[in-house]
1. If you stretched the chain out fully between Ala105 and Gln261, how much longer would it get, using 0.36 nm times the residue separation minus the C-alpha to C-alpha distance?
2. Quick check on the stretch 41-82: take the gyration tensor over C-alpha atoms, sort the square-rooted eigenvalues as a ≥ b ≥ c, and tell me if it's rounded (a/c under 1.5), prolate or oblate.
3. Of all beta bridges DSSP finds with both residues in the chain, what is the antiparallel percent, to the nearest 5?
4. So how far apart, in nm, are the two label points at Ala63 and Thr36 if each is 7 Å from Cα heading toward Cβ?
5. How large is the dipole of the chain about the Cα centre if only Lys and Arg carry +1 and Asp and Glu carry -1, each at its Cβ, rounded to the nearest 20 debye?
6. For the stretch 280-399, calculate the relative contact order in percent as a whole number, restricting contacts to Cα pairs under 8 Å that are 6 or more residues apart.
7. Before rounding to the nearest 500, sum -39500 (n - 2.57) across all DSSP H runs of length at least 4 in the chain and divide by the residue total; then give [θ] at 222 nm in deg cm²/dmol.
8. Sorted by mean Cβ packing within 10 Å, highest first, what order do the peptides 25-36, 334-345, 89-100 take?
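Bear in mind these aren't lab numbers, they're just calculated from the coordinates by the rules spelled out. Just so it is clear, the structure is predicted and the values come from calculations on it, not from any experiment. A quick note on method: Cβ atoms are made from the backbone with ideal geometry, for glycine too, and the neighbour counts reach across all protein chains shown.
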Amino acid sequence: MEKKMQICLGFKFAGIHCGLKKAEDALDLALILSQTPATAAATFTTNRFPAAPVIYGRRQLAAGESLRAVLINSGNANACTGSQGEIDVLSVAEFLGAALNIKAAEVFISSTGVIGEPLPVTKILKGIEKLVDGVKIPGDPVITFERAVRAIMTTDRFPKMVACQLETSQGRVTINGFAKGAGMIHPNMATMLAYLLTDAKIEKNTWQALLSRVVEHSFNRISVDGDMSTNDTVLALANGASGSFLTTAADLELLENALLQMTQELAYMMVKDGEGATKVVKVMVTGAPSPTAAEKICRAVANSSLVKTAFFGQDANWGRIIAAVGYAGVDLRPELVNIDFDQVRVVSGGVRDRDYREEMGAAVLRLPEFSVKIDLQSGEDEFLLLTSDLTHDYISINADYRS
């Protein structure tokens, strides 16, 4: 029997259809409600055209606001909408705050969907009334959680959610995480929204530092198509409902390790669910002279359209990988470079390995998941990214996205 997902204490969820998506059965508005003020931490897109809710959220976090509610809509990004977009965010936050009898400053807003279209405020306000009524009715927390998860999806093929329970020195704490993202996936972060919730109590600066480290080694280590969104947000809330205040180094390390594992799992789901993707590929660069060199080469390979289409075609064209390594802008010695597909040595000392046969590489690339390891043999630093292949379906999905 499958074990039932555990849900954090002190959080309620709802997900409804309010008319932002065309299909009447498509959920498009989600609510997370904390019964007590939650300590908040967040990371946001580095895109120079941040969406209105990102601008609003940055101000909230900079002001040190605790949060009680998170409203997430899909189907409209409220990005590149000028001052009216910011006015709309504030009006939605004020309306939800009044409906829940909390301050507007305690309401966090996220949006995802089509860029450049005005936010359908009237539909969202009507939806808020239904959401608030929904969280007042007792229900199965797992079902309401799953509805919220589904309500934030756009081109996602499946919902992405994780849960974990930890036994700390202060007692048991629960962590829930969920995310959306399938296209425009490229560090830093992606077209992705992610929410991490815990019923532990954590000091604000500690919580922010922990989240930043975790994001750097999970959501910032994936690539589907090399495009960065205007709306990327990772929000973490700790409401303390469990009564466990985590302050010791041991407890905080336990929490960080759990969050890292959970965010890496969510990041993996995003790559697996990449628009049109059929493969998940782990690209590893080792033996680099510096961390920066390792990262540059890893990203060059993982983001190369030629490499990614070769993955889709199951074409063991290692020359495309060598080319990406060479143009990454890193000073290296070509005669030292080795490349492996899983356990198959393809390149030795910058040339085709003498024992390598094309069918050996092709057999690896036929697998749904495999690794590409690039050893520079010039140092001790390394970097790892998850990427996907680039397919015909990716073009079809994005060509028809607004229709």
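1. 53.0 nm
2. Details: a/c = 2.19, a/b = 1.35, b/c = 1.62.
Cα axes put the stretch 41-82 in the oblate bin.
3. On the way: 51 of 75 bridges.
In the chain, DSSP labels about 70 percent of beta bridges as antiparallel.
4. 2.4 nm
5. Details: 39 positive and 46 negative charges, 130 e Å.
Roughly 620 debye, rounded to the nearest 20.
6. Working: 225 pairs, mean separation 56.5, N = 120.
This gives 47 percent for the stretch 280-399.
7. On the way: 11 runs with 141 residues, N = 403.
Mean residue ellipticity, 222 nm, calculated: -11000 deg cm²/dmol.
8. Numbers: 25-36: 21.3, 334-345: 17.1, 89-100: 19.0.
Those peptides, ordered most packed to least, come out 25-36, 89-100, 334-345.
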